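These notes concern the structure reproduced below.
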Amino acid sequence: MSRAAKNKLQNFLIVLLSVTATLLFLQNRRLTRGDGGLLSRLFADPGTAIADSMGQTEAAALPLRFAAAGDYAAYGELGMTTADEAFSSPGALLREALGSASGRQTADETAFLAALEGTALYYDFLTALPASLLGRHLDCEVPQGLEQVRYLLLSVQGGSVFLYCGDGTSDLRYQTKVSAPDLTALVNRCELPGVVFAGQLSQAEGLSPLSLLPSEEVSLPQLSAASCAAESSLWNLLGFNPRTNNYYLESDGTQVILEGESTLRLQPGSVIRYEGRGLSLRDQGSFSDAGDAGEAGGRFLSALLQSCGSGTGLLLRQVQATADGWTMDFDYHAGGYPIRSGSGAAMASLTLRGTEVAELELTLRRYTVTEESAPLLPLTQALAIARRYAGAEVSLGYLDGGGDTLSAGWLAE
């Protein structure tokens, strides 16, 4: 073989090895949450549904506040998720109650509050959820006709356990097959911190009586916060080629990327905005109800956040049907404690046209729990300030104003 031929062969092998190494590198960086991998998104048709890629992703755990009430005191957690070990036993009883609920009756707030005076388990999911979404998370059926639910209460009355469900405007009462001794035993062995309801405190008069508050001193950790870059894997999940030259800069520094009928804006402050067609959350059919749509939307947003290295939890604010699809808003949470935007706007908003993503706005933020904590305003003072807002619910959470450290504080919503 001539020297020239050898050189050509050598060059060809070098190029081949380089390409192979690149492909292997990309393959190793495939998303590990069941989305089909980075390469499949790089070369997929932009109209390809991402339902299969999301199919193996577990839905984010639901945040909640929980209390176990006895005859003389209540104990609970002001920040918890359905994935926590502490939720395991209370969650099993709630699952059984929802699955066995019958004999639907209307109830009022007075009856709901009275049921808290005895032996009871209380669950507050922070926002009115589609009942079907809660059922999907708990892997159980929900009572027929129950549309939305935020507050749930299992109450022992006359040797039986009744289920109360409220969405903030109306309450329902059901009979259940939950064992009263099992519920009582769970309450008696509860080893959580002390809590109290605002309706039981004279200084909280005029506030939401179901505000769940600490009855002893509490300290929450500070969060380290950082903006996340829109990595190439996020581009691919949205159907964009990260190597494209089809983009331009706006005067405020926003990078605008074009891909077919879709537009992706990467704004300062790590806010992304998407408008387009062809990006579907489901291969076939439509969403059966608000819970189905909300679950798919939350799973999609979780994948986008995780693609940027953020494991931030999502807190659904609302999901509503439109003429041709759905709209939904989300905030974030850390360990069950809500993280609200300092502006009051939702951290993530999603509009679906059928099963397609028509519009998206998402703030890319990452939060890390630190070992530091900042003192909270004493409860008495917090309640005195909150009473300026009639009917407000008082809770603990975080406000994100864009800084690199978040301290917990009292929220009146």
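Things to note:
- Lys/Arg +1, Asp/Glu -1 at C-beta; the chain dipole; positive extreme among LEU237, MET80, SER224: LEU237
- Candidate values [x] 24, 47, 27, 2; [y] 23, 45, 24, 7, 1; [z] 24, 50, 21, 4, 1 were compared with P(r) over Cα pairs in 20 Å bins from 0, in percent computed on the shown model; the agreeing label is [z].
- Neighbourhood charge, 14 Å Cβ-Cβ cut-off, centred on VAL161 and excluding it, Lys, Arg +1 and Asp, Glu -1: +1
- Charge dipole (debye, nearest 20) of the chain; +1 at Cβ of Lys and Arg, -1 at Cβ of Asp and Glu: 1620 debye
- Reported to the nearest whole Å, the Cα centre-to-centre distance from region 154-213 to region 345-370 is 33.
- Protein heavy-atom accessible surface, 1.4 Å probe, per residue over the chain: 47 Å².
- Low-density loop positions, GluC sites (Glu not before Pro), region 229-303 - DSSP coil, at most 13 other Cβ in 10 Å: GLU250, GLU261
- Angle in degrees between helix 3-28 and the longest Cα principal axis of the chain, rounded to the nearest 10: 10 degrees
- Average Cα contact separation per residue, the chain, under 8 Å, 6 or more apart, as relative contact order %: 17 percent
- Partnerless cysteines, meaning none of the other Cys C-beta atoms lie under 4.7 Å away, in the chain: CYS140, CYS165, CYS190
- Net charge, ILE339 excluded, C-beta distance under 11 Å - Lys, Arg +1, Asp, Glu -1: 0
- Computed accessible area, PHE112, all protein chains, 1.4 angstrom probe, square angstrom: 0 Å²
- Region 227-271: C-alpha gyration tensor shape, a/c 1.5 cut-off, then a/b vs b/c: oblate
- Taking Lys and Arg as +1 and Asp and Glu as -1, the other residues whose beta-carbon sits under 11 Å from that of PRO193 total -4.
- √(5λ) per eigenvalue of the Cα gyration tensor, region 150-258, largest first, Å: 50, 22, 17
- Derived value for region 291-366: Kirkwood hydrodynamic radius 12.5 Å. Basis is the mean of 1/r over every pair of different alpha-carbon atoms.
- Helix 290-307 vs. the chain, principal-axis angle (Cα, 0 to 90°, nearest 10): 50 degrees
- Surface composition of the chain: carbon and sulfur make up 48 percent of the accessible area, probe 1.4 Å.
The values are calculated or read from the model by the stated rules, or taken from the named source; none is laboratory data. Note that the structure is predicted; figures quoted are calculated from it, not measured. With ideal geometry, Cβ positions are generated from the backbone for all residues, glycine too; neighbour counts draw on all protein chains shown. With ligands, DNA and RNA removed, areas are computed over all heavy atoms of the protein, side chains included. Shrake-Rupley method; radii C 1.70, N 1.55, O 1.52, S 1.80 Å.
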